[in-house]
Amino acid sequence: MARIETPRRVRGTQDIFGEDQRRFAHVLDTFDRVRRLYCFQRVDLPVFEATEVFARSIGETTDVVSKEMYTFDDRGGDSITLRPEFTAGIARAFLTEGWQQYVPLKLATSGAVFRYERPQKGRYRQFHQIDAEILGAPEPAADVELLVLADQLLNELGIADGVTLQLNTLGDAATREAWRAGLVAHFEAHRGDLSEDSLIRLDKNPMRILDSKDPRDRPIADAAPDIDAYLTDEARAFFDAVTGGLDAAGVAWTRNARLVRGLDYYRHTAFEFVTDRLGAQGTVLAGGRYDGLVESLGGAPTAGVGWAAGVERLAMLLAEPAAERLEVAVVVEDDSLVPIAMATTAALRRAGVRSDTIASGSVRKRFDRALKLSPRQIVSLKKDEQVIGFSQRGYGADKEEMDRVTPIINAIVQAA
């Protein structure tokens, strides 16, 4: 008989279990609690969209669109893409679902995203993000609120130490246009020394040359003019309002004049929370203001600002969360009592008590098996001359915990 080969996990994916899952869940639980404090509504979106949603919003010249998206034609012949990020889908939903009536709209979401790239530590082809966005709020106060939310999230996760908020301004439309012209002039003067990728970017998206990791580009990019020389009075005032708001809220930040977003719909604030604890992949949370995004998808001009963070990267920074401890183990010392044990466990769970039944395997070894689960107390169900009874032993449970459980079990046993 031919040997059946076990299927392998697809490269760049992961099965999340045990300690890893506890870290993962802790990030999501903390994010959900903090976003509620800031009155951000939960939204859930399709895992796939029409390809044009991402091509038009992320930009066809970016690596995400040109190299990393999972794109395919469905049976109807439509081009479909698994989402590589959340913002574009939120902007699409904002338009197609008529959410304009709710602005300013504060939204939060989380889930799997997909990018075809080389898997490495903390980076997968299917990975997970948390995401927070504010639509329809052009004031710098919206930027501040999102940054304060992010800062509180990192603090409540216990990973804020060693994480730095890097902040920059991309200016308004007039600022970007003037700065872009200055960058083009600078890079054109060094065209013969630029990498092949940067030559392509020079014609389509020159700001992205500032992000280049190619050693040939770095000296040229480092010598490029800063945006500050081109800021309009309005753009400077906006940035001052953001930094002033962060100072007032007690959020530490540092200026990074080389932090950019290449696409034209980005405006004003750009930011990253970075750490040196994750090696080369040091960004744990990033975002910015994208006042032109909704318009690029065919909507009316609508202010927008948001951020996303990788759940896996945040989880890597966590101390190991403790496993939830079993509160009550119900041990069955006579197999005829299994139905009563099941009723007892069900009643405890309905009362909010974490409990489990130990009713399989050798009767003599069940108590020892229960001890290995490290419960706070063990309840043993037994029968003596057709009289059903129970005993209760504490292993860390205080009197209040014991007294809470006793009447529940007693009621089940008395009714049996």
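We did not get these values from a lab; they are worked out from the coordinates using the rules stated. Fair warning: this is a prediction, and the values are worked out from it, not measured in the lab. Backbone-built Cβ (ideal geometry, glycine too); neighbour counts: all protein chains shown.
Among the chymotrypsin sites (Phe, Trp or Tyr not before Pro) in the range 1-109, those placed in a DSSP loop whose Cβ has at most 11 other Cβ atoms within 10 Å are F17.
Computed on the chain, with alpha-carbon pairs under 8 angstrom and 6+ residues apart, the relative contact order is 16 percent. Estimated from the Cβ-Cβ distance and a Förster radius of 25 angstrom, the FRET efficiency linking A411 and K383 is about 0.90. In terms of its C-alpha gyration tensor, the range 95-219 has a prolate overall shape, because the principal axis ratio a/c (a ≥ b ≥ c, square roots of the eigenvalues) is not below 1.5 and a/b outweighs b/c.
Summary value for the range 179-270: 30 percent relative contact order, contacts being C-alpha pairs under 8 angstrom separated by 6+ residues. Each residue of the range 303-317 is assigned a 3J(HN,Hα), and the resulting list reads 5, x, 8, x, 8, 9, 9, x, 4, 4, 5, 4, 5, 5, 8 Hz, derived from the Karplus form 6.51 cos²θ - 1.76 cosθ + 1.60 (θ = phi - 60°), x at Gly and Pro. Simple point charges give the picture: +1 on the Cβ of Lys and Arg, -1 on the Cβ of Asp and Glu, and for the chain a dipole about the Cα centre of about 1640 debye. When the Cα positions of F94, L337, M69 are compared along the charge dipole of the chain, L337 comes out farthest toward the positive end, with charges on each C-beta of Lys, Arg, Asp and Glu. Of the residues T71, T275, T6, T96, the one with the fewest other Cβ atoms within 10 Å heads the list, and the complete ranking is T6, T96, T71, T275. When you filter the trypsin sites (Lys or Arg not before Pro) in the range 41-142 for DSSP loop state and at most 12 other Cβ atoms inside 10 Å of their Cβ, you are left with R75, K121.
Histogrammed with a bin width of 5 Å, the alpha carbon distances of the range 328-415 distribute as 3, 15, 29, 27, 18, 7, 1 percent, first bin at zero. Across the range 328-415, C-alpha contacts under 8 Å between residues 6 or more apart give a mean separation that, scaled by the residue count, equals a relative contact order of 33 percent. Distance between the pseudo-spin-label points of A237 and T71 (7 Å out from Cα toward the beta carbon): 4.2 nm.
With a ≥ b ≥ c the root eigenvalues of the C-alpha gyration tensor of the range 8-119, is it rounded (a/c under 1.5), prolate (a/b larger than b/c) or oblate? Oblate shape, in that a/c is at least 1.5 and b/c is the bigger or equal ratio. A DSSP coil position with no more than 10 other Cβ atoms inside 10 Å describes the following GluC sites (Glu not before Pro) in the range 291-342: E324. When shorter helices are ignored and each DSSP H run of at least 4 residues is given -39500 (n - 2.57), the per-residue value for the chain at 222 nm works out to -11000 deg cm²/dmol.
Put simply, the amide H of H128, placed in the peptide plane, has neighbours under 5 Å in V113, V311, E312, leaving out anything fewer than 5 places away on its chain. Lysine pairs in the chain whose alpha-carbon atoms fall under 26 angstrom of each other, counting only those eight or more residues apart or on distinct chains, come to 12.
Rounded to the nearest 0.05, what FRET efficiency is calculated for A319 and Y38 with R0 set to 25 Å and r the Cβ-Cβ distance? Rounded to the nearest 0.05, the efficiency is 0.50. Rounded to a whole number, what is D in µm²/s for the chain from Stokes-Einstein with the Kirkwood radius over alpha-carbon pairs (4 °C, 1.567 mPa s)? Answer from the Stokes-Einstein relation: 52 µm²/s.
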